[in-house]
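Everything below concerns the one structure shown next.
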Amino acid sequence: MKQVHLFDRTTDLLKVTMDLRSRRHLLLVSNIANQDTPGYMARDLSFKKELSKALESPTRRDLDRTDGTLTVNTDETVGNDLNTVNIELEMQKLASNTGNYNALASMAGWKYRMMGDAISGEGR
């Protein structure tokens, strides 16, 4: 029996992308919170790599398993305490990630409103 999906690939990709942005947000906030922790290594999500995997995914099941590849910044030592958090860079990444997440949320809202209109018969 053929399985029917209420949501299309675009909706699935919006979900995956928003999930990745949300996970990245948590990592960036953790970096900022640990800016004074000796030996703390700044972490990030390899967002582009994970999104590329999702775009190349042939099935929705693969999209649900996309969970992100964690990267640790070992290239930059900010202080004598071996902490690699560069607060200006982390704040810049956080602002950019937040803007991207908000844009995705707007797209998802628009898509769901269109679906609601189609179901209710409005917008004719």
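Candidates in the range 67-77 are the residues that are at pLDDT below 70, in contact with a helix residue (DSSP H, G or I) (Cβ under 8 Å, 6 or more places away or on another chain) and surrounded by fewer than 16 Cβ atoms within 10 Å (Cβ to Cβ); of these, the one that is nearest to V16 (Cα to Cα) is D67.
Of the residues D64, D19, only one is closer than 25 Å to R113 by Cβ and either in contact with a Cys (Cβ under 6 Å, 6 or more places away or on another chain) or modelled with pLDDT of 75 or more (or both); which?
Working: D64 fails: either in contact with a Cys (Cβ under 6 Å, 6 or more places away or on another chain) or modelled with pLDDT of 75 or more (or both).
Just a single option satisfies the conditions, and that option is D19.
Answer yes if at least one residue in the range 45-58 is modelled with pLDDT under 70, within 30 Å of G116 (Cβ to Cβ) and surrounded by fewer than 17 Cβ atoms within 10 Å (Cβ to Cβ), and no otherwise. Yes: the range 45-58 contains one or more residues that are modelled with pLDDT under 70, within 30 Å of G116 (Cβ to Cβ) and surrounded by fewer than 17 Cβ atoms within 10 Å (Cβ to Cβ).
The values are calculated or read from the model by the stated rules, or taken from the named source; none is laboratory data. As the structure is a computational prediction, the values presented were derived from the model and not from experiment. Because the Cβ atoms are built from the backbone with ideal geometry, glycine has one as well, and the counts that use them run over all protein chains shown.
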